[in-house]
Structures are given as C-alpha cells and as structure tokens.
1. If residue 558 satisfies all but one of (1) closer than 30 Å to residue 448 by Cα; (2) in a helix (DSSP H, G or I); (3) at pLDDT below 80, what's the number of the condition it fails?
2. If you go through the stretch 65-79 one residue at a time, do you hit one that is closer than 23 Å to residue 145 by Cβ and assigned by TED's automatic domain parsing to the domain that holds residue 49?
3. How many of the residues making up the stretch 361-373 are buried (at least 16 other Cβ atoms within 10 Å of the Cβ) and in contact with a helix residue (DSSP H, G or I) (Cβ under 8 Å, 6 or more places away or on another chain)?
4. Quick one: which strands (runs of 3 or more DSSP E) sit completely within the stretch 205-304 and have at least 2 residues that are farther than 14 Å from residue 434 by Cβ?
5. Hey, could you check the stretch 333-360 for residues that are under 30 Å from residue 234 (Cβ atoms) and touching a strand residue (DSSP E or B) at 6+ places or on another chain (Cβ under 6 Å) and say which is surrounded by the most Cβ atoms within 10 Å (Cβ to Cβ)?
6. Run down 178, 76, 100, 174 and say which single residue is assigned to a helix (DSSP H, G or I) and surrounded by 14 or more Cβ atoms within 10 Å (Cβ to Cβ).
7. Name the residues in the stretch 383-412 that are farther than 21 Å from residue 362 by Cα, in contact with a helix residue (DSSP H, G or I) (Cβ under 7 Å, 6 or more places away or on another chain) and assigned to a helix (DSSP H, G or I), would you?
C-alpha cells in the first residue's frame, strides 16, 4: 500500500526541472552504458515524478540499501570490477538516479545537484572536444538554474528569471576562469593518472595486419592527425605517413618485430627537406607518424632500424611535434644477416601456388627490378579489383585464394601478396602500414589525415639502393595514391560530411574541423611551453612559478572581494528600490479610493489615517506597513520577505464606498 507524507515534498514543476537536469547529465554517457542502467534511471525518474505529484512516501532505508547492493552487483557483473573509468562512471550514474528515492529534505536535493555537477565533468574522461565543452556549459547552466529553483521560497519558482540569474553568474565567473587558465602555472605532466581503461576503445592502426583489418579501419572518418606544413605541402602521391613495419608472417597475420633503435646513420638524405608539425590524436600506442625519412625528430622519441618513429611513452593524450623529413634518400648497400633472415621468413607449406608463380616470374625476369615490374604489370593488366568489401579468404593458403581465385581486395591484400611473391623469389621484403594522403583544409591551411586514409604498402631490398618503397595498390587503383580513397572508391568511401559531394556541406564540415583544430591548438594544447612564452611577453620570464602562483592568488582574491562588495551593495540598493516600488503600488490602490498619501506623511501616520477612514482595512494595511518599514529601514532586505510584501499588496483590495 502506498503511503503519503506531507513533511517535505517537491512540486511536480520543480521535480521536472530536476529530472531535466539529470537527463542532460546522463545523456553523454548513455551510449556507453549497459542498457539496464539506462532503463533503471528512466524507471526511477518516472517514479520520482509520480511521487511528487501524489506525495508518495520515499522507500525505507532497508529498501534503499538493497537497491544499492543490487546496483553494485549489476556493475560488477557488467564490468567485472567496480573500479576504473567505465565502472566508476556507471556507479555514479546509478548513485545519481538512486538519490531520487530519498529527496526527503532540501539537503538531499542539494547533494543530488552537486553530484550532477561532478558527474558531468566525467565526460572529459572520454572526450575534450569543443562540442562537448559547449554542451557541458549548457548543462552547468541548467544545473545552476535547478539549484536556484528548488531553493526559492515560493511554492512555484519561475524558471526564466532563474535562467537569467544562472547565465549572469557564469558570465561573472568567466573573466576569473580565463585569468586562471592563462596564468595559473602549468606543471609538466598530468596532475593525476587516468584509470587503465581510460584509453581502451581508441580507433587506430594495430601492430599486426590480417586480411580485412585495414579495410575495416578505413570505414571510419575519425581524424588520426593534422599536419601544418612550412610552405607548400608535397603532392598527394608522396604523402606516405610511416607507421608500424611488419616483418613476421604466420600464414595469416603479419606482425611487427621487436623494435631495435637505430644507433648509427644508415641513410643519406638529399635536400631539400620538408618541415611540418603534426598534431596527433591519442591512440594509446608508441608510434608517431612521419614522412619517409625523418632527418630531425622531436624530443622524447627515437628512430628504429626500420626507420619507424617511436615515442618513449604511449600517446595517451593529444600530442604536437615537429619533424623534418627528406623525401629523397639513399641507404647503405649492406643488409645484416639477421635483417635478411627476418625479411625472407615464410611459413613452411603455405601458399604453394604463390611460390610457383614467384619462381616462374623470377625465371622470366632478368633481375630484381624486372621481377617487381612483372608483378605490378600482373596486378595492372589482369582482372584484379580494389574494394573495401573483399570476400573472406581461407585461414590457410589465403594468398593463393586471393591471387588465383577471388582477385578482389584492399591495400592489405595486395601488399601481403606482393611481399610473399618477393620473398618466394629470394628478395627481402616487408609490409609497412600507416596512412597515405590526406585532405587539405583551405580554411585552416593544414592537412587532415583520417582513419579512412589508413594504408599498407611494401618495401623491398635492392642491391645498391637499399630499402625501396613499392606500392602495389597504385598498380590496381592509381587514383587511390594520386587523389585519395574517395576518388578510388566513390561508392564505398566512408560516409559523413567530409566525403559529401555537396560543396556547401563539405565547406561547413571543413569550417567545423578548422574550429576544432583551433580549440585543440590553443585550449587543449595550451601547455607549459606556451604559457612560458606568454609570461615572457608580459615581462615575467624570470619569475618563479611559486611567485607567480602567489601573485595570481592574491590578485584573484582581491578582485573577487571587490566584485563581491560591489554586487552586494548593488543588490541591496536594487532590493530597496523594489521595496519602495511595491509600497508605491499599495499607496496608488488607496489613492484611487480617495485616500491619497500626503507628501509630508510618513508610513505610520498614513496607515493611522487610512484605518480611521476605513476601519475594515486596518488589519491588512498595518501588516503591509509594518513589513515595508522592516524592509525599508532595517538591514539588507530578505528576498523571502520582499516576496511576501509583494503578495500582500497584490491581494490587497479596496472596495468603493457607496454613498
């Protein structure tokens, strides 16, 4: 049986405002949460609204403890733990929803809203985009308005004035927040470490490649990195962004060998170099992307013997680094015994048809270069098809099935088959994965490289030349390398505005990306180095961070004290003016009935004359006058008393006297 209570209750209108705030707080997390958590939150929200409408009694302590235990068990069953980013956020969502069951005091409502403030900030654990920051600003506005609505003494607080007050508070806080952002000392490194699962589910290249792996990645139009060139960028066909180098093959999957640091210069560059700055999105791996071959590398990174650029720590946050690459270079003519053995490794008994093909082509070719030309000519002249939707290949002898049966594949199919042919023919070869090309953004003047630009090509060792890049995909689909995947696969390219054939939509998408890039560079990328340069421009280059922190704290505190004093005096004056305006409305009501107040007449003298003339008004008139005097001549006017005065005057009626 449902019982009612009357000691504390929220009106349906205020409850809806709270539930709106909760929905906006949970919305960014909803796609990542198990369905049962979302449904539980909705069910509790519906109950809360009905309880406020019908004044139902809140569940008892035993019931609430049982529900909390079930929530903990559910999170443990869904995530295998109650710790970490994902499980922690799920627990916070459930805690926010379960708090609706015990809103029996104003204190409970305050805790509920403060929990909402905390939960919305956890969205930054998943994304720091400009769109999310704007959304969170709106949610903070709604939460602050809800805080004012439930704190208002009236039974039904109007929402529009609360929204204006919340917006005013946020605008007043903006200068202080901007000052702290620009001048508060930045420490090198994070203030805390994120949970281990905070970097899971990041889209990007892997350190292994199997049929279909890159084609699946190429369906995503997510940004991998952006590049600012010093001067004109190279042609699209020269934009090979080197990533993991794969040398080991087990018959189905290519994998990378353990990285070995390049301890001596084994290549000779030919000027001019290409200087550029990369803004890399986090991918939770060590590799950095650069054009072949890097001549100068950023700090906290190193080159491996296969010329891959690696960071010393995983890239778990957006990283900006500068590189100088040389597109023309030559390498030493010597290949070590270990490198040759790795670059010729093949599983025994796999792909006999591919091995026979390699031997025939070797026999008919005069040299290594002739063999390469013959294989590329085969890809170009025979009915091979470049597609994002190739048929599945068998686990064993997959290269035979591709070369002699399906003949439909993506870049990883052609790269893998080409390397196997080269190795069967005795030529050292390896697969290189990374990105090829990019989309130039004329609005921001930079190159956008997306996951859809993921690519695989090959390198072979030629005597006297060293490692030479060969891209077999260019023989099958030249437009993929010269223009991009959209030109090579117009009907299969990933969807989205960036690939839209509508010029207006494409322009809007590029403009939005330019705004996001500015946000990344100047807000998320505002690090210790940029702050140091700003301090130097302000003449504070020699000051210690301790001195600057103390000076900033004193400045902000003084500014807040001055602002608080100004707003207090202004609010006090505004309240007193509202008191006077309300009393004048009271006087005008009496004046219309022939009881005008004289200029020299004070409030007490006036109410005495009114009560003598109209005894039936004595009680109401005295209450209004006493409350007016208390507000007008007492301490700072109280908002609740001012509201009461307005209500008394609004309900004050003076009937016309019949003669």
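The values are calculated or read from the model by the stated rules, or taken from the named source; none is laboratory data. Just so it is clear, the model here is predicted, and its values are computed rather than measured. We place every Cβ from the backbone using ideal geometry, glycine too, and count neighbours over all the protein chains shown.
1. That leaves (1) as the condition not met.
2. Pass one, the stretch 65-79, residues closer than 23 Å to residue 145 by Cβ: none.
No, that holds for no residue.
3. Residues flagged as buried (at least 16 other Cβ atoms within 10 Å of the Cβ) and in contact with a helix residue (DSSP H, G or I) (Cβ under 8 Å, 6 or more places away or on another chain) within the stretch 361-373 amount to 5.
4. Details: elements: 223-229, 240-249, 254-256, 267-270, 274-280, 294-296, 301-303.
Where strands (runs of 3 or more DSSP E) fall fully within the stretch 205-304 and carry at least 2 residues being farther than 14 Å from residue 434 by Cβ, they are 223-229, 240-249, 267-270, 274-280, 294-296, 301-303.
5. Start the filter on the stretch 333-360 by keeping residues that are under 30 Å from residue 234 (Cβ atoms), which leaves 333-335, 339, 343.
Imposing the further condition that a residue be touching a strand residue (DSSP E or B) at 6+ places or on another chain (Cβ under 6 Å) reduces the set to 335, 343.
Values: 335: 16, 343: 22.
Across the stretch 333-360, the extreme among qualifying residues is 343.
6. Numbers: 178 fails: surrounded by 14 or more Cβ atoms within 10 Å (Cβ to Cβ); 76 fails: surrounded by 14 or more Cβ atoms within 10 Å (Cβ to Cβ); 174 fails: surrounded by 14 or more Cβ atoms within 10 Å (Cβ to Cβ).
When all the criteria are applied, what remains is 100.
7. Passing the criteria: 411, 412.
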